[in-house]
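Here the structure is laid out as structure tokens; the discussion comes afterwards.
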Amino acid sequence: MLEHSLTELAQLLRTRELSSAELVQSCLERAERGHAALNCFISICPDQALAQARAADRLLAAGQGGPLTGVPIAHKDIFCTSGIKTSCGSKMLDNFIAPYQATAVARLAAAGTVMIGKTNMDEFAMGSSSETSYYGPVRNPWDPERVPGGSSGGSACAVSAGIVPCATATDTGGSIRQPAALCGVTGLKPTYGRVSRYGMIAYASSLDQGGPIARSAADAALLLTAMSGFDPSDATSTEAPVEDYQETLTDGIKGLKIGLPKEYFTPDLEQPVAAAVSAALQTLEQAGATVVEIELPHTHLSIPVYYVIASAECSSNLSRYDGVRFGHRCADPVDINDLFCRSRGEGFGAEVKRRIMIGTYVLSAGYYDAYYLKAQRLRRLLRDELRAALEQVDVIVTPTSPTTAFPLGARTQDPVAMYLSDIYTVSVNLAGLPAVSVPAGFSNGLPIGMQIIGNYFQEAKLLNVAHQYQQLSDWHTQTPAGWRQGA
Ligand code: GLN
């Protein structure tokens, strides 16, 4: 039953062929198995989940509830959940129980979803492989010796393995799209401001954005409708009206103009990934789209610009973890400096410390102009370039990641190689644009993702194109051996 789409599940729940309690029970069993084999959860919450499922069943029995009532979901452990640990993948927050609910979580709960658990992730969302987690690395269900991508690797893994039909994730530089690509699922990073960041632990506030991971664009549309909207608690959330993203899924794409940036087809792009994206473009052309080459000449600057800005913002955001108010506190501090130094030294992992040091350096008085200010100028340039391109075309199509899932440990000793995993995704965050990754093929049994980038607030168009592609392809319906129903 976990291979059904959300619409099919809703139908089964509404007609009472399936109860939410049964569905949730089977997810919980799979979650335990997934936790043991793939390490995709940090917390699993059976008692709360079953209570929520029974409440959903009562609503459904009374003929009430909406399309998500009784549907199981997992939340990335970056979203605050009242009463349930929110660790952000860090020892620093291993003891943290948030006193309030993140808006995205609250909205999905109000829509009737049932939270199965909190998913594993790179520490403070810093990473591209889900290996920097204090709770150990997440494994890829397509090959457990490989990474699931990151930082939302736990969410992508849990959806890919059919443990839950959908999950939340966050994307600062690619963390929804890249793991979705490496795990063969659909992940949407909305326009900056579309989904409230309230209660979503901050990494780099001008880039962070929450969104859904699901098995198809149609499922992601349903989730996005429920998650989005203005929130008075997040000053950067937008008042732009929330669309019904499902309504436009079936629109034809005849006449759609697709831009193909030649700068994205670099020598480090694996040949099978390039071939899969070309084949997907042909499919879209058969549906009536036209493809034109576009230029994004400063693309090569996106990684350095991103790592200056993201590190600067993280050094400021993470200064709140000082051992005083919440989070890890060292034993027996002798004075306040000892308390700060040892609490932070013990609580943060190596990658987080590296980012804080880079960020502090680029913001320091002597280097601010040379690094931070310059990066901000280049950010504007990259944004303007994308904006200009999106005036010529409706959407831009690129690979999501230059490679398929790489082996565990392959890039942990080489931060720059790890950072380059996001070469095709970070510009979108720097510009604040929306983008979706959809499964577009396989290479040696490992999924390949295609990224579709749209203009501001054109999530409906992105989901429409993704859905039309999924009507003509079956990559998104494939499931990893060992995690198929009955397996
Ligand atoms: N891999 C990128 C980083 O480490 C992006 C992470 C993210 O999107 N949260 O910063």
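The values are calculated or read from the model by the stated rules, or taken from the named source; none is laboratory data. Quick caveat: nothing in here was measured; it's all calculated off a predicted structure. Ideal geometry is used to build each Cβ from the backbone, glycine not excepted, and the neighbour counts take in all protein chains shown. Ligands, DNA and RNA are excluded from the accessible area calculation, which covers all protein heavy atoms including side chains. Shrake-Rupley method; radii C 1.70, N 1.55, O 1.52, S 1.80 Å.
Here are some notes:
- Only one of ALA104, ALA55, ALA49 that is open to solvent by less than 10 Å² (accessible area, probe 1.4 Å) and over 28 Å from ALA235 (Cα atoms): ALA49
- A single member of ILE97, ILE73 is touching a strand residue (DSSP E or B) at 6+ places or on another chain (Cβ under 8 Å), surrounded by fewer than 18 Cβ atoms within 10 Å (Cβ to Cβ) and at pLDDT 95 or above, and it is ILE97.
- Single match in ARG325, ARG342 (criterion: in a helix (DSSP H, G or I) and farther than 30 Å from ILE423 by Cα): ARG342
- Yes/no for THR172 being closer than 16 Å to CYS88 by Cβ and either surrounded by 24 or more Cβ atoms within 10 Å (Cβ to Cβ) or modelled with pLDDT of 95 or more (or both): yes
- Those helices (runs of 4 or more DSSP H) lying entirely in segment 388-487 with at least 2 residues hydrophobic (A, V, I, L, M, F, W, C) and within 16 Å of the ligand (Cβ to nearest atom): 415-419, 426-431
- Leading residue by the ranking (nearest to LEU60 (Cα to Cα)) among those in segment 1-34 that are in a loop (DSSP other than H, G, I, E, B) and of a type in the set (A, V, I, L, M): LEU18
- Which listed residue, of ASN317, ASN337, is surrounded by fewer than 16 Cβ atoms within 10 Å (Cβ to Cβ) and either away from the ligand (no atom under 16 Å from the Cβ) or in contact (Cβ under 8 Å) with a residue 12 or more places away in the chain (or both): ASN337
- Against the list (1) in contact with a helix residue (DSSP H, G or I) (Cβ under 8 Å, 6 or more places away or on another chain); (2) free of Cβ contacts under 8 Å to residues at least 40 places away in the same chain; (3) open to solvent by 10 Å² or more (accessible area, probe 1.4 Å), the condition GLU295 fails is (2).
Table: residues versus (1) under 30 Å from GLU131 (Cβ atoms); (2) in contact with a Lys or Arg (Cβ under 8 Å, 6 or more places away or on another chain).
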site	(1), (2)
SER20	no, yes
LEU28	yes, no
ARG54	no, no
GLN64	no, no
LEU68	no, no
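- Cβ pairs under 7 Å, 6+ apart, first in segment 381-397 and modelled with pLDDT of 95 or more, second among the polar types (S, T, N, Q) and open to solvent by 30 Å² or more (accessible area, probe 1.4 Å): LEU390/ASN455
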